[in-house]
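What follows is a short report on a single structure.
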Amino acid sequence: MKLQCDVEVVNRMLPSFGMKSRGKGARAVVSIGKHLDKSSQRSTIYMMICTAKDRTGSKYKLRGNIEKFFTWFVEEGKATVRLKEPAVDICLSKADANSLKNFLSAARLADRGSDTNSLPLSTLTPVRARDVEQPKKKLSVMSKKDYPLTSNFPYSLEQLQVSYCKLSRVDMRMLSLKALRRLDLSNNHIKKLPATIGDLSCLSELILHNNHLEAFSEALCLSTLQQTLQVLDLSQNRLQSLPTQFCQLRELMNLKLEDNKLVGLPFQIGRLSKLRFLSAAHNKLTVLPADFFKLSLENLDLFGNPFIQPNPLDHSMQLAFPLPLQEIASRAVASLRIPYGPHLIPAHLCGDLEAAKTCECGRVCINFFVKTAVSMNLHQVSHTVVLVDDMGGTDAPVQQHFCSLSCYSAFLDSCLQRGLR
């Protein structure tokens, strides 16, 4: 049984001499194994601690020698083993939580004198220099031949790039890297993302450029990525749409969607209030969602999309007279901000409410409205705008919804008056 972690051996007698421990652990390999006691000619189970300064290791007898285990923070990779003789506390930190639990279980069995055949013992030999190096924070794997097949990724990684390895799926070993802040899986063949990426609670950058992705799941949008993800690169994939819940990723600052097959952007994109860089060039966008007005960007690139030429007279009408009771009730819930959820109303009604549109008059409409498109100069939402077309234009069509015929008529009247001026 071996464990890689930081170790500090604290002598409990130091305070009686007016001394303090230095309070800093060293990278170490801690092993549990048999060692032949020369005096008794019997094999005894020891814990051996090897560091960069002492690669041959210091040994501590275990059987009947552990006074107490301190495991309050074992889920954070921390624990302390208090020995009777010598009077030291062995403080373990920066360990993989599961490996640490297994190690402590083996130490308990050794302390109780359990049958050695039932213990996962290691050979107590000096360690290699690379085994006690400081934890690795960054790793790049740029070819298939360098991809680790028989060894794990260092648990301490904060940045991991695995590119040009022809991966068809995300390696589940990557998803146990709890300190990971940046994951770059660009230039592979990944078709689907596992929902468990959302369990990477520190992840702020996710780079998936040039893969074969056909969808971005709702589960990821509703995961802890809501609180952490700032940079998302989905460029050069096969995406045709993004889920309604995509706009729950409200920490996003940089979003790259270029070179996909998107026919529309999330209609609540205005909720991404921290978004500053947006690229959706070379897609199949014909019109932008009404919420686009709410963005406040530094750089915007929508070049190479087949945008329509907006005409306020061209419209689609989804109205009924009178409005159905469900529409009236749904409008009231949205307008009055009445709390709702699948525990209160059917899930499909929750979906309808999430898709609520806002009329120019300020009222809300759900499934019954008049829809048209108006032209917007993109400089209204972005400081820097890449030209929309080869003609040098920076205007693009934006959807507009009206809750009633009267609102739509008032809008047409205002367009007519502006045209006459």
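Could you give the length gained on full extension between Arg128 and Glu76, defined as 0.36 nm per residue of separation minus the Cα-Cα distance, in nm?
16.1 nm
Under a 1.4 Å probe, what is the accessible area of the chain per residue, stated in Å²?
54 Å²
Assign unit charges at the C-beta atoms only (+1 for Lys and Arg, -1 for Asp and Glu), then state the dipole size of region 49-112 relative to its Cα centre in Debye, rounded to the nearest 20.
220 debye
How would you rank 140-152, 182-194, highest first, on the average number of other Cβ atoms within 10 Å across their residues?
Sorting 140-152, 182-194 by mean packing, highest first, produces 182-194, 140-152.
Once the Cβ-Cβ distance between Ser43 and Lys191 is put in as r, and R0 is 56 Å, what FRET efficiency do you end up with, to the nearest 0.05?
0.60
Of Ala280, Val141, Leu344, whose Cα points farthest to the positive end of the dipole of the chain (charges on the beta-carbon: +1 Lys, Arg; -1 Asp, Glu; origin at the Cα centre)?
Checked the options; the winner is Val141.
If we count every other residue with Cβ under 13 angstrom of Leu180's Cβ, Lys/Arg +1 and Asp/Glu -1, where does the sum land?
Local net charge: +2.
Report the label-to-label distance for Ser168 and Ala215 in nanometres (one decimal), using points 7 Å from each Cα along the Cα→Cβ vector.
Distance between the two pseudo-spin positions: 1.9 nm.
If you put +1 on each Lys and Arg Cβ and -1 on each Asp and Glu Cβ, how big is the dipole of the chain around its Cα centre, in Debye rounded to 20?
Roughly 2300 debye, rounded to the nearest 20.
Among the listed pairs Lys2/Lys166; Lys137/Lys284; Lys78/Lys191; Lys61/Lys94, which have their C-alpha atoms separated by more than 28 angstrom in this model?
In this structure, Lys2/Lys166; Lys137/Lys284; Lys78/Lys191 exceed 28 Å between Cα atoms.
May I ask for the net charge around Ala347, where only other residues with Cβ less than 15 Å from the Cβ of Ala347 are counted and Lys, Arg are +1 while Asp, Glu are -1?
-3
Where the centroid of each part is defined by its Cα atoms, how far is region 93-116 from region 315-380 in Å?
58 Å
Spin-label point model (7 Å from Cα, Cβ direction): what's the Asp390 to Ala87 distance in nm?
8.6 nm
What label, among (i) 38, 27, 23; (ii) 32, 28, 20; (iii) 62, 24, 18, belongs to semi-axes √(5λ) of the Cα gyration tensor in Å computed from the structure on display?
Correct label, based on the coordinates given: (iii).
Tell me the label-point distance for the pair Leu313, Lys145, using the 7 Å Cα-to-Cβ offset, in nm and rounded to one decimal.
6.8 nm
Full-extension gain between Gln380 and Arg63, please, as 0.36 nm times their residue separation minus the C-alpha to C-alpha distance.
106.8 nm
Local charge sum around Phe307 (other residues, Cβ-Cβ under 9 Å, Lys/Arg +1, Asp/Glu -1)?
Charge balance in the 9 Å sphere: -2.
Compute the distribution of all C-alpha to C-alpha distances in region 241-299, in bins of 10 Å from 0, and list the percent of pairs in each, rounded to whole numbers.
24, 62, 14
When the dipole is taken about the Cα centre of region 99-254, and only Lys, Arg (+1) and Asp, Glu (-1) are charged at their Cβ, what size is it in debye, to the nearest 20?
Dipole of region 99-254, to the nearest 20 debye: 300 debye.
Starting from the Cα-Cα distance between Asn117 and Arg418, subtract it from 0.36 nm times their residue separation and give me the gain in nm to one decimal.
The span from Asn117 to Arg418 would gain 99.4 nm if fully extended.
Please give every one of the lysines within straight-line cross-link reach of Lys371, meaning a C-alpha to C-alpha distance under 19 Å, and leave out same-chain neighbours fewer than 8 residues apart.
Lys294, Lys357
Of the peptides 314-327, 287-300, how do they stack up when ordered by the mean number of other Cβ atoms within 10 Å, highest first?
287-300, 314-327
Express the carbon and sulfur contribution to the solvent-accessible surface of the chain as a percent, rounded to the nearest whole number, probe 1.4 angstrom.
Its accessible area is 51 percent carbon and sulfur atoms.
The values are calculated or read from the model by the stated rules, or taken from the named source; none is laboratory data. From a predicted model like this one, the values you see are computed outputs, not experimental measurements. In this analysis, Cβ positions are derived from the backbone assuming ideal geometry, glycine residues included, and neighbour counts consider all displayed protein chains. What goes into the accessible areas is simple: the full protein's heavy atoms, side chains included, and nothing from ligands, DNA or RNA. Shrake-Rupley method; radii C 1.70, N 1.55, O 1.52, S 1.80 Å.
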